[in-house]
1. Here is a list: Y175, Y147. Which entry is modelled with pLDDT under 70, farther than 30 Å from N46 by Cα, open to solvent by 50 Å² or more (accessible area, probe 1.4 Å) and not in a strand (DSSP E or B)?
2. Inspect segment 196-206 for any residue being of a type in the set (S, T, N, Q), more than 19 Å from the chain's Cα centre (by Cα), modelled with pLDDT of 95 or more and not in a helix (DSSP H, G or I) and give the result as yes or no.
3. Sort through Y40, Y26 and tell me the only one that's over 22 Å from C125 (Cβ atoms) and either open to solvent by 60 Å² or more (accessible area, probe 1.4 Å) or in contact with a Pro (Cβ under 6 Å, 6 or more places away or on another chain) (or both).
4. Taking segment 110-132 only, how many residues are touching a residue at least 60 places away in the same chain (Cβ under 8 Å) and over 17 Å from H61 (Cα atoms)?
5. From the set of residues in segment 217-233 that are in contact with a strand residue (DSSP E or B) (Cβ under 7 Å, 6 or more places away or on another chain) and assigned to a helix (DSSP H, G or I), which is surrounded by the most Cβ atoms within 10 Å (Cβ to Cβ)?
6. I'm trying to understand the selection: among the residues of segment 66-103, which are closer than 26 Å to E20 by Cα and touching a Cys at 6+ places or on another chain (Cβ under 7 Å)?
7. Looking only at segment 242-252, decide whether some residue is modelled with pLDDT under 90 and basic (K, R).
8. Can you tell me which of (1) out of contact with any Leu (no Cβ under 7 Å at 6 or more places or on another chain); (2) over 30 Å from T177 (Cα atoms); (3) open to solvent by less than 20 Å² (accessible area, probe 1.4 Å); (4) part of a strand (DSSP E or B) is the one I33 doesn't meet?
Amino acid sequence: MPLDFTADQIVPDHINFSVEFEPTKYDKSKYVINGNTGEYLGIVGNGFSCASHGDFFTKAHNTISEHLGEEFCNQMNIKYNTARNNAWVMMDMTMPNVLRKIKTEKHTTTIAPRLIALHGIDGSCSNMVFFGAIDFFCTNGMVTGDYDKIKRKNTSNFSLDKFIQELQSSVTDFYATADKFQRWAETSLMTVDVKALLESVIKSDRKSDKMFSLYNQEVSTRGRNVWSLYSAFTNYASYADERNGFNLRNTGNDTEAQSMWAREQEVAKWIDSPQFQSIAA
């Protein structure tokens, strides 16, 4: 039976619209249309089909609630980021009832489980769900790599079977990830040339220099350890303004949310690199 905190509809009005299609002049493609406003959102192949944002996210939310239980999901915080005129949507869920502390010699922070679901109705992405954590000290989001990703083809008959299996192990995974973060907090970088490491991982000299400055800011709070370097990475993926100096270029194409998500994927690659793993092992 569904728990009391499941819902019939959870998405805000501006993304709660039906998806309609209209043939183009080319017989192998069709337009994607916002059924509420009539706005044309993209062009897809004739075989493309998808659920609406409302149907997909409500189904995902209720499945998460039922299979993770009240400890994880009661009072969870949900925010939506959109791009491509609402054709691309990210649901970002934080579970503040389940917490772990990460302690360094200088600082203590609290992390909570985080779950991200992506949905696109214009062919821009498949249905994806990512598991991670959120650092409440600076609200940095953390996605730790592709092994935390569940991906399904974007169809109207989206199956959640494997998703449910992964949800059932996500509680254990969160605590294992927290244990790993604590080890990183206890792993000193006093003898590591972090600047050279960043230059070998981040191919842009300008970006690696800025990341080294951001790392040193984290060091002043958290200490000279792997956790500080990781926090610098996640800061880059969480903010794009004067707080870290990594401003986004304004393209005028409504892609900011997608660009920030791309940063999280970039960070996941840095973390999975041999250079980072050699200091985090």
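The values are calculated or read from the model by the stated rules, or taken from the named source; none is laboratory data. Remember, predicted model here, so these are calculated numbers, not experimental data. Here the Cβ is made from the backbone with ideal geometry for all residues, glycine too, and neighbour counts use every protein chain on show. SASA here: full protein model, heavy atoms, side chains in, ligands and nucleic acids out. Shrake-Rupley method; radii C 1.70, N 1.55, O 1.52, S 1.80 Å.
1. On the way: Y175 fails: modelled with pLDDT under 70.
Selected residue: Y147, the only one of Y175, Y147 that is modelled with pLDDT under 70, farther than 30 Å from N46 by Cα, open to solvent by 50 Å² or more (accessible area, probe 1.4 Å) and not in a strand (DSSP E or B).
2. In the first step, residues of segment 196-206 are kept if they are of a type in the set (S, T, N, Q); the result is 200, 204.
Keeping just the survivors that are more than 19 Å from the chain's Cα centre (by Cα) gives 200, 204.
Narrowing further to those that are modelled with pLDDT of 95 or more: 200.
With not in a helix (DSSP H, G or I) added as a condition, the list becomes none.
Checked segment 196-206: no residue is of a type in the set (S, T, N, Q), more than 19 Å from the chain's Cα centre (by Cα), modelled with pLDDT of 95 or more and not in a helix (DSSP H, G or I).
3. Y26
4. Residues in segment 110-132 being touching a residue at least 60 places away in the same chain (Cβ under 8 Å) and over 17 Å from H61 (Cα atoms): 5 in total.
5. S231
6. Residue satisfying the conditions is W88 alone.
7. Yes - at least one qualifying residue is present in segment 242-252.
8. For I33, the failing item is (1).
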